[in-house]
1. Specify the residue that is nearest to Leu8 (Cα to Cα); the eligible residues are those in the range 19-56 that are among the β-branched types (Val, Ile, Thr) and in contact (Cβ under 8 Å) with a residue 40 or more places away in the chain.
2. Could you check Arg56 against (1) of a type in the set (D, E, K, R); (2) exposed (fewer than 13 other Cβ atoms within 10 Å of the Cβ); (3) more than 20 Å from Ala7 (Cα to Cα) and say which number it fails?
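Taken together, the values in this text are just the output of simple stated rules run on the coordinates, not laboratory data. None of these values were measured; they are calculated from a predicted model. Reconstructed Cβ throughout: ideal geometry from the backbone, glycine too, with neighbour counts over all protein chains shown.
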Amino acid sequence: MKPSKTALILGLLGCALLLTGLAFKLNHLMGAETAFNAGVALVVIGLVAWVIQLVRGK
């Protein structure tokens, strides 16, 4: 069964926010690691870009 656009958008935004929160928590515990921050930033940007594509209907 294919999920609706609304469910995908909310799920992807939730994943992006969850990942961002996890990154801040891990950075607080282990110190700011540049490679980890760059990786998380790329994943979050990718998820947000996917949401934008879904909203635009492409």
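1. To start, the set of residues in the range 19-56 that are among the β-branched types (Val, Ile, Thr) comprises 20, 34, 40, 43-45, 48, 51-52, 55.
Applying the additional criterion that residues be in contact (Cβ under 8 Å) with a residue 40 or more places away in the chain yields 51, 55.
Working: Val51: 8, Val55: 10 Å.
Across the range 19-56, the extreme among qualifying residues is Val51.
2. Only one criterion is unmet by Arg56, namely (3).
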